[in-house]
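> Take a look at this one; I'll ask things after.
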Amino acid sequence: QKEVEQNSGPLSVPEGAIASLNCTYSDRVSQSFFWYRQYSGKSPELIMSIYSNGDKEDGRFTAQLNKASQYVSLLIRDSQPSDSATYLCAVNRGGNDMRFGAGTRLTVKP
Amino acid sequence: EAQVTQNPRYLITVTGKKLTVTCSQNMNHEYMSWYRQDPGLGLRQIYYSMNVEVTDKGDVPEGYKVSRKEKRNFPLILESPSPNQTSLYFCASSPRDRGAYGYTFGSGTRLTVV
């Protein structure tokens, strides 16, 4: 089992729809959780962080964390073509131990 | 502008020819790290540094060296590159409390070893 698992996609949604990206992690001691957006050929860019159970909203983005289920998700409302990218889930297990998922590729179709 | 600067952006080299990829950050971050990114494998940590003169191995350190003589710089050295080190490399930095803040990534170095 991979430490951080994401559906590789591609996930395709129409413009204006809600995109839902999911991530599961294996280590229960994980403490903090991040979503990065990576455009093709570019570096990852931090877009959301979440540390406690529940929802965290920032503009069109909502991160959801359920530690009991070891599950993190990212919702993108009113998806735009400019949201088309690969989204990386990252989990900090404490200390120096940050683990990344392989990413989910999202395509938003006009 | 707060940033992590990597050079070069693209590099093609031959097997066995030593090379260095530079990384510099201007945010006074204590923590710096190198990752490689390969299709289907995601980001894998090569080496990291908690502060000046403190470095440690990540998950895939074989064939790489690093040094941290100054807080702002964290170069990645390939003493004898091989084709399996062809990859996209990222340098990243973070404040000391790395778990809380996430990383700032450099723009990446695409390395091809022939």
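The values are calculated or read from the model by the stated rules, or taken from the named source; none is laboratory data. Predicted model only: the values in this text are computed from it and were never measured. Glycine also receives a Cβ, built like all others from the backbone with ideal geometry; neighbour counts cover every protein chain displayed. Just the protein is used for accessible areas: all its heavy atoms, side chains included, with ligands, DNA and RNA removed. Shrake-Rupley method; radii C 1.70, N 1.55, O 1.52, S 1.80 Å.
> Just to be sure I understand, how many residues within the range B:70-106 are out of contact with any strand residue (DSSP E or B) (no Cβ under 6 Å at 6 or more places or on another chain) and closer than 14 Å to B:R36 by Cα?
Qualifying residue count, the range B:70-106: 1.
> When you go through (1) within 11 Å of another protein chain (Cβ to nearest Cβ); (2) over 22 Å from A:L11 (Cα atoms) one by one for A:W35, which number turns out not to apply?
Failed condition: (2).
> If you don't mind, another one. Just for strands (runs of 3 or more DSSP E) wholly inside the range A:23-80: which have at least 1 residues that are modelled with pLDDT of 95 or more, touching a Pro at 6+ places or on another chain (Cβ under 8 Å) and within 17 Å of A:N92 (Cβ to Cβ)?
Qualifying strands (runs of 3 or more DSSP E): A:32-38.
> Still on this structure: So which of B:K65, B:K57, B:K18 is touching a Ser or Thr at 6+ places or on another chain (Cβ under 8 Å) and open to solvent by 40 Å² or more (accessible area, probe 1.4 Å)?
Selected residue: B:K18, the only one of B:K65, B:K57, B:K18 that is touching a Ser or Thr at 6+ places or on another chain (Cβ under 8 Å) and open to solvent by 40 Å² or more (accessible area, probe 1.4 Å).
> Moving on. Specify which of the listed residues (B:T22, B:T109, B:T15, B:T55) is more than 30 Å from A:R105 (Cα to Cα), of a type in the set (S, T, Y) and either without any contact (Cβ under 8 Å) to a residue 60 or more places away in the chain or within 14 Å of chain A (Cβ to nearest Cβ) (or both).
B:T55
> For B:R68, which of the numbered conditions (1) without any contact (Cβ under 8 Å) to a residue 40 or more places away in the chain; (2) assigned to a strand (DSSP E or B) fails to hold?
Tallying (1) without any contact (Cβ under 8 Å) to a residue 40 or more places away in the chain; (2) assigned to a strand (DSSP E or B), B:R68 fails exactly one: (2).
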